[in-house]
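The values are calculated or read from the model by the stated rules, or taken from the named source; none is laboratory data. All of these numbers come straight from a predicted model, not from anything done at the bench. Here Cβ is always computed from backbone atoms with ideal geometry, including for glycine, and neighbour counts include all displayed protein chains.
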Ligand code: G3P
Ligand code: MG
């Protein structure tokens, strides 16, 4: 039985500040072959890595990313909220992040949160090509079908992943021919995996932080496990 790929959700985010270069480097250091991250576009159409649409929760600033320039965003500290030892971490751009692939060959799962601008989508696709992993490719995921279709319109070869609970997205994935579905682990069972595989699709689960359940998902045939606890999950393989 094939082992699922372990994907570090927002980097090694259980121990390091989520969606920072620090968390990504630590995920690579513990051997994660794949890293999930979230992106937004700034007011000046730079693609930056952060989960929320505002900087309020994970930085020392306030405001919506879409209304701030990259220069303004770069002044913020996104490490100190997690612990004083992480003070000084800055919001990474997608370019800075994907550049980590050049030396490590790690694959990224780039989750588009909100950006509708065609320019941002074109930039994102160009970056995927500039820093592609050898012998593979990065994946683009989103809860937003339109965002995925925008990526496909720029480059039909980018592997796409629809996010949502399994009962809702399996049909959508078939209709739109998305190669990956990514669902909350509690919504994925053997029937879901069998149905997806019968359609030739692959199944990811988020955010599964219980190493003791890893073998259960191996038996179900899940293809990728997205987790905040990358090192612990790799040890459970
Ligand atoms: O990629 C899976 C997961 O990241 C989706 O939810 O809110 O953590 O981005 P969220
Ligand atoms: Mg995400």
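Summary of computed values
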| quantity | calculated |
| --- | --- |
| Scan of region 1-24 for residues that are touching a residue at least 60 places away in the same chain (Cβ under 8 Å) and in a helix (DSSP H, G or I), ordered by number | 21, 22, 24 |
| Region 82-97, subset touching a strand residue (DSSP E or B) at 6+ places or on another chain (Cβ under 6 Å) and not in a strand (DSSP E or B), residue farthest from residue 66 (Cα to Cα) | 97 |
| Count of region 180-237 residues which are assigned to a loop (DSSP other than H, G, I, E, B), closer than 22 Å to residue 148 by Cα, free of Cβ contacts under 8 Å to residues at least 40 places away in the same chain and out of contact with any helix residue (DSSP H, G or I) (no Cβ under 8 Å at 6 or more places or on another chain) | 1 |
| Counted residues, region 127-144 - those being away from ligand 2 (no atom under 16 Å from the Cβ) and either in contact with a strand residue (DSSP E or B) (Cβ under 7 Å, 6 or more places away or on another chain) or under 17 Å from residue 37 (Cβ atoms) (or both) | 8 |
| Tally, over region 128-154, of residues that are more than 22 Å from residue 165 (Cβ to Cβ) and away from ligand 1 (no atom under 16 Å from the Cβ) | 14 |
| Lone qualifier among 27, 71 - being closer than 30 Å to residue 135 by Cα and assigned to a helix (DSSP H, G or I) | 27 |
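To keep it simple, each residue is scored yes or no on (1) within 16 Å of ligand 2 (Cβ to nearest atom); (2) exposed (fewer than 15 other Cβ atoms within 10 Å of the Cβ); (3) at pLDDT 95 or above; (4) at positive phi.
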| site | (1), (2), (3), (4) |
| --- | --- |
| 44 | no, yes, yes, no |
| 49 | yes, no, yes, no |
| 65 | yes, no, yes, no |
| 72 | no, no, yes, no |
| 77 | no, no, yes, no |
| 90 | no, no, yes, no |
| 102 | no, yes, yes, no |
| 105 | no, yes, yes, yes |
